[in-house]
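Okay, structure first, notes after.
Only the coordinates and a few stated rules stand behind these numbers; no lab work does. Predicted model, so just to flag it, every value in this text is computed and none were measured. Heads up, the Cβs are rebuilt from the backbone with ideal geometry, glycines too, and the neighbour counts pull from every protein chain shown.
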Amino acid sequence: MKALRIHAGPLAREHIARQGLRPQDVRIIPGAAGGPKGLILGPLDRFVFADWLPRSEQPIDLVGASIGAWRLANACMDDARGAFEQFEHGYIHQRFEVPPGQTRLTARQLSEQFAQGLHSFYGGRAAEVLGHPRFRLHVIASRGRHILGREGRARTPLGYLGAFIANGVHRKALGAWLERVVFSSAGAVLPFGTRDFRTRQVALTEANFEPALQASCSIPFMLEAVHDIPGAPRGAYWDGGITDYHLHLDYRAGDGIVLYPHFQQAVVPGWLDKGLRWRHRASGFLDRAVVLAPAPDWIRTLPNGKLPDRGDFLRYGSDTPSRVEAWSRAAAEARRLADEFAQWLAHPDPLAVLPL
């Protein structure tokens, strides 16, 4: 059984048929939101960023939301392999100690713990990430508009109800409630078009690096919004996956390739589109994309027959060691994804590439 499936848009498939896939072909790498599902991509990340891409010299745009933004920030560290390993270990072994008298942590407590974890990981090293000689990082967050402009006990649920209804009518209508804000490395031009959705670009600096990354990971109702990020328009910022769950963006890769390590074949536009199956189909935005995804049959061999996900915190409850064991096993099994991709790169068979 193969663990890896390679899917590609029509222009990417033509490119592979002509000349295979070389590290110098890559122009853009997206990183999707999805919480613990991203753990399955650790071995691929280490291979791509520490072994394969160093054989080339071209600039590459890294576009991430939520856990995808954190993964791609790791790629910009001087020791990318070590950063990915540290991230994987910390994410798998995270535990949430509930104070006496509480049944669960509040959004504020979770946000404070997350901020401490980010600072422990990146404290004093933002310049290292932002100064990478080749990689231009783009961190996506969702900024609330109007009633969602500030977080509140009543206004936040009402605002997201309105956003849910508007998005169900038309994705662009979501822009009346939330806008895409992209925090980009100094001087970096957005590597995608923005006619699909209301968008702002803000310079990513040492002063706003940690708040922007936290905002990109701040799931509504689970964590608090991050307010008034330095250098950005005032307001409440939430998880970038709300507007761009899997980064189904109008990529501008020139004659190059969008290389997309992903935990599934479908590239879902926004978090609110998860239940709208007709929005899961590939579009012309992905014509130059190569999606590396785990095969569904292989996923069923993992613990509990699925990828790690946030539901595991409820599944295992206070039995943290069992959750850690299950996630560690899944991450270890995922080495097959990297091994199979490396084998395919050595002999790139176009017939093994499936359409998106």
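So, in Å, what gap is there between the alpha-carbon centers of the stretch 211-241 and the stretch 41-83?
What the calculation gives is 23 Å, centre to centre.
Step through the residues of the stretch 127-140 one at a time and calculate ³J(HN,Hα) from phi using the Karplus curve (6.51 cos²θ - 1.76 cosθ + 1.60, θ = phi - 60°), rounding each to whole Hz and writing x for Gly and Pro.
Each residue's phi maps through the Karplus curve to give 4, 4, 5, 6, x, 4, x, 10, 8, 10, 8, 10, 9, 9 Hz.
For Arg153, project a label point 7 Å along Cα to C-beta. Then give me every residue of the stretch 190-228 with its amide nitrogen under 16 Å of that point.
221, by backbone N distance to the label point.
Taking the Cα-to-Cβ direction at Arg335 and at Arg234 and moving 7 Å from each Cα, how far apart do the two end points lie in nm?
5.3 nm
May I ask which residue of His248, Val129, Pro303 lies farthest towards the positive end of the charge dipole of the stretch 4-355, with charges of +1 (Lys, Arg) and -1 (Asp, Glu) on Cβ and the Cα centre as origin?
Result: His248, furthest along the dipole toward the positive end.
For a distance above 27 Å, tell me the whole-number percent of Cα pairs in the chain that qualify.
Tail of P(r) above 27 Å: 44 percent of Cα pairs.
How large is ³J(HN,Hα), in whole Hz, for each residue of the stretch 164-170 in order, when computed from phi with the Karplus curve 6.51 cos²θ - 1.76 cosθ + 1.60 and θ = phi - 60°, using x for Gly and Pro?
4, 5, 4, 5, x, 6, 7
Please state the charge dipole magnitude for the chain, taken about the Cα centre, from unit charges on C-beta atoms (+1 on K and R, -1 on D and E), reported in debye and rounded to the nearest 20.
1060 debye
Using unit Cβ charges (K, R positive; D, E negative) and no other charged atoms, how large, in debye to the nearest 20, is the dipole of the stretch 198-319 about its Cα centre?
For this selection, approximately 480 debye.
Please name which of Gly31, Leu178, Gly117 has its Cα lying farthest along the dipole of the chain towards the positive end, using unit charges on Cβ (Lys, Arg +1; Asp, Glu -1) and the Cα centre as origin.
The residue sitting farthest along the positive end of the dipole is Leu178.
Which whole-number percent is the relative contact order of the chain (Cα, under 8 Å, 6+ apart)?
29 percent
How large is the dipole of the stretch 1-43 about the Cα centre if only Lys and Arg carry +1 and Asp and Glu carry -1, each at its Cβ, rounded to the nearest 20 debye?
That gives a dipole near 100 debye.
For the stretch 81-92, in order, what is each residue's ³J(HN,Hα) by Karplus, 6.51 cos²θ - 1.76 cosθ + 1.60 with θ = phi - 60°, in whole Hz (x at glycine and Pro)?
Per residue, the Karplus-derived 3J(HN,Hα) values read 4, x, 5, 5, 5, 5, 4, 4, 4, x, 5, 5 Hz.
Among the aspartates and glutamates, which fall within straight-line cross-link reach of Lys37, defined as a Cα-Cα distance under 12 Å, with same-chain neighbours fewer than 8 residues apart omitted?
Glu88, Asp309, Asp312
So what is the 222 nm mean residue ellipticity for the chain from helices alone, if each DSSP H run of at least 4 adds -39500 (n - 2.57) and you divide by all residues, rounding to the nearest 500 deg cm²/dmol?
-9500 deg cm²/dmol
At what distance in nm do the modelled label points of Ser322 and Leu351 sit from each other, each positioned 7 Å from its Cα along Cα→Cβ?
4.6 nm
Mind listing the long-range amide H neighbours of Arg5? Cut-off is under 5 Å, sequence gap 5 or more, other chains count too, H placed in the peptide plane at 1.01 Å from N.
Excluding prolines and chain starts, which carry no amide H, the hits are Ala293, Ala295.
Choose one of Leu72, Thr320, His7: the residue whose Cα lies farthest towards the positive end of the charge dipole of the chain (beta-carbon charges +1 Lys, Arg; -1 Asp, Glu; about the Cα centre).
Value: His7.
Of the GluC sites (Glu not before Pro) in the stretch 90-150, which ones lie in a loop per DSSP and count no more than 11 other C-beta atoms within 10 Å?
Glu97
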